Amino acid sequence: MTARISLIFTASLLFLAIFNDGRAETRQKLIFDTDTAIFNDDAAALVMILRHPEKFDLLGVTVVAGNHPAKQGAEYMLHVMELMKRGDIPLYIGAQSPLVNSVERARRQEEQWGNIGFKGAFDSPEEIRPPLGGQFAKTRPRKENAISFLIESIENNPGEVTILAIGPLTNIAMVLNLRPDLGPKIKSLVFMGGNAKVPGNVTPYAEFNFWFDPEAAQAVIKSDIPEKIMFGLDITNHAILTRRHFDEIVAAKTPITEIFAHDMGDGWPGFYENPKATAYIWDCLAAGYLIDPSFVTASEIANLEVNTVFGPSYGGTFIPPEGSEGIGGKVGVMLNLDFPRFFEIYKDLITRPLPPSN
Ligand code: BDR
Ligand code: CA
């Protein structure tokens, strides 16, 4: 009898351990695909995700060229991962240039059709600089390429992997190009990029991530990935950080808010020099959606296309006219948010003290 009671007791403890902890049942397999700058939105998005180990099984971070060359972006990310005591998460370097776009194309585009507001890696120096503090992180990028890592992960976990893609979509397009059978095996793609109904931010027509690699964006938008959720300029234009927000975050004084202060105070948008400056936090909205989507207040399903014709609207997103059957990829387009609510989530995750050292 006593043995039976003890067996029931042990079984109940096991049940509680599995279901109360929630990890065994609900952790979402996630790959974080980024083109990070020093801190700003990509790295802040990573910090947000790393604060939720109970929600995410972060399989790896994959880096793509965009804001910076991929190898430079990797150093910035490894630094943040080290500060967050997550040097155990593997980081892989992926595409080091877009599928078709190039420095030379960007030069010709500017010559013929006017200024491009930001050209990211096309304007970056070749030499790789250390992150803030002058030391490269101890953890090094894995030798395996990000594209192979993505392929393996999707293949080994069919229907289970969500990809958060917050840079140009080159890595994802390369996966689909090499392995067209894998599209339907991705659970969901949540991405920052594009501008369905609003003007662009680097040209009058195009948003940066889509402009940097329009052919990749078009291939991914039109792919058979079952769920594509877009955080384009339509929604991110409504999330604007002011000096008041900046001060609230910097007041926390952690190694993470120090990089934040350095990057956004001294760098872009330069809050220290210009207290009236404002900044967008684009990628953070896409990361926030995976944590708590309820801050989104308006969205719609649309059929989208990306302009891949080399001309003034290269990389622009557009909704094909009604009745034009067969063109466009079905995308969930996020349109508006409750920004004060989102800011509370963002601030909390960015300003928390660092996890203790082991
Ligand atoms: C996008 O461009 C990048 O510089 C940002 O990180 C964001 O992903 C906004 O257009
Ligand atoms: Ca980005």
Which percentage, to the nearest 5, of the DSSP beta bridges contained in the chain is antiparallel?
35 percent
Acute angle (nearest 10 degrees) that the helix 2-21 long axis makes with the longest principal axis of the chain, alpha-carbon atoms
20 degrees
Cα centre as origin, Lys/Arg/Asp/Glu Cβ charges: the chain dipole, Debye
760 debye
Specify which residue in the list Gly288, Ala173, Ile225 is farthest towards the positive end of the charge dipole of the chain, using unit charges on the beta carbon of Lys, Arg (+1) and Asp, Glu (-1), about the Cα centre.
Gly288
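Based solely on its DSSP helices, what 222 nm [θ] is calculated for the chain when runs of n ≥ 4 H residues each add -39,500 (n - 2.57) and the sum is averaged over all residues, nearest 500 deg cm²/dmol?
After summing the helix terms and dividing by residue count, I get -11000 deg cm²/dmol.
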Compactness check, the range 84-163: C-alpha Rg relative to the 2.2 N^0.38 Å globular estimate gives 1.51
Length-normalised contact order of the chain in % [C-alpha pairs under 8 Å, at least 6 apart]
18 percent
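Once the piece of chain linking Leu132 and Ser324 is laid out straight, how much longer is it, given 0.36 nm per residue of separation minus the C-alpha distance between them?
Numbers: separation 192, 0.36 × 192 = 69.12 nm, distance 5.03 nm.
Answer, rounded to one decimal: 64.1 nm.
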Output wanted: per-residue J couplings in Hz (rounded whole) for the range 252-265, from phi through Karplus 6.51 cos²θ - 1.76 cosθ + 1.60, θ = phi - 60°, x for Gly and Pro.
5, 6, 10, x, 6, 5, 5, 5, 4, 5, 5, 5, 8, x
Highest GNM mean-square fluctuation among Pro131, Pro90, Pro293, for the chain with Cα springs under 10 Å, belongs to Pro293
Collect residues whose amide H, placed 1.01 Å from N in the peptide plane, falls under 5 Å from the amide H of Gln28; neighbours closer than 5 in sequence don't count.
Phe56, Asp57
Binned at 5 Å from 0, what are the whole-percent values of the Cα-Cα distance distribution for the range 237-358, short to long?
2, 9, 15, 16, 15, 13, 11, 9, 5, 3, 1, 0
Rounded to a whole number, what % of the accessible area of the range 266-358 do carbon and sulfur atoms account for, probe 1.4 Å?
53 percent
Tell me which lysines have Cα within less than 30 Å of Lys228's Cα, excluding those fewer than 8 residues away on the same chain?
Lys29, Lys55, Lys71, Lys119, Lys143, Lys185, Lys187, Lys197, Lys330, Lys347
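Please give the peptides 262-271, 177-186, 28-37 ranked by average Cβ packing (other Cβ atoms within 10 Å per residue), highest first, as a rough proxy for protection.
Highest mean packing first, the order is 28-37, 262-271, 177-186.
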Gain upon complete extension [Ser148, Ile240; 0.36 nm per residue less C-alpha separation]
29.5 nm
Row for the range 127-223, column shape: gyration tensor on C-alpha, a ≥ b ≥ c, rounded if a/c < 1.5 i.e. under 1.5, prolate if a/b over b/c, else oblate; value oblate
Longest principal axis of the chain (C-alpha) makes with the long axis of helix 339-351 (C-alpha) an angle, in degrees to the nearest 10, of 60 degrees
Just to confirm, what accessible area per residue do you get for the range 33-138 at 1.4 Å probe, in whole Å²?
39 Å²
Folded to 0 to 90 degrees: helix 103-113 orientation relative to the chain principal axis, Cα:
50 degrees
Could you point to the residue in Asn101, Gly329, Gly134 farthest towards the positive end of the chain's charge dipole, with +1 and -1 charges on the Cβ of Lys/Arg and Asp/Glu respectively?
Gly134
Distance histogram for the chain (every C-alpha pair counted, 20 angstrom bins, percent rounded to whole numbers):
30, 58, 11, 2, 0
Pull up all non-local amide H partners of Leu91: gap of 5 or more, or a different chain, and H-to-H distance under 5 Å with H placed in the peptide plane.
Val61, Arg142
Rounded, prolate or oblate: which fits the range 246-303 when a ≥ b ≥ c are the square roots of the eigenvalues of the alpha-carbon gyration tensor, with rounded for a/c under 1.5 and prolate only if a/b beats b/c?
prolate
Accessible area, 1.4 Å probe, largest first: how do Ile38, Ile249 sort?
Ile38, Ile249
Which one, Trp113, Trp211, Trp282, has the greatest fluctuation when you compute a Gaussian network model over the chain with C-alpha springs under 10 angstrom?
Trp113
Label-point separation, Arg179 to Asn274 (7 Å along Cα→Cβ), nm
4.5 nm
Expressed per residue, the solvent accessible area of the range 211-325 in Å² (1.4 Å probe) is about 41 Å²
Quick one: grab the alpha carbon gyration tensor of the range 42-193, order the square roots of its eigenvalues as a ≥ b ≥ c, and give me rounded if a/c is under 1.5, else prolate or oblate depending on whether a/b is larger than b/c.
oblate
Per GNM of the chain with C-alpha springs under 10 angstrom, the most fluctuating residue out of Asn336, Asn209, Asn157 is Asn157
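The values are calculated or read from the model by the stated rules, or taken from the named source; none is laboratory data. What you see is a predicted model, and the numbers here were worked out from it, not measured in a lab. Glycine also receives a Cβ, built like all others from the backbone with ideal geometry; neighbour counts cover every protein chain displayed. Heavy atoms of the whole protein, side chains included, go into the accessibility calculation; ligands, DNA and RNA do not. Shrake-Rupley method; radii C 1.70, N 1.55, O 1.52, S 1.80 Å.
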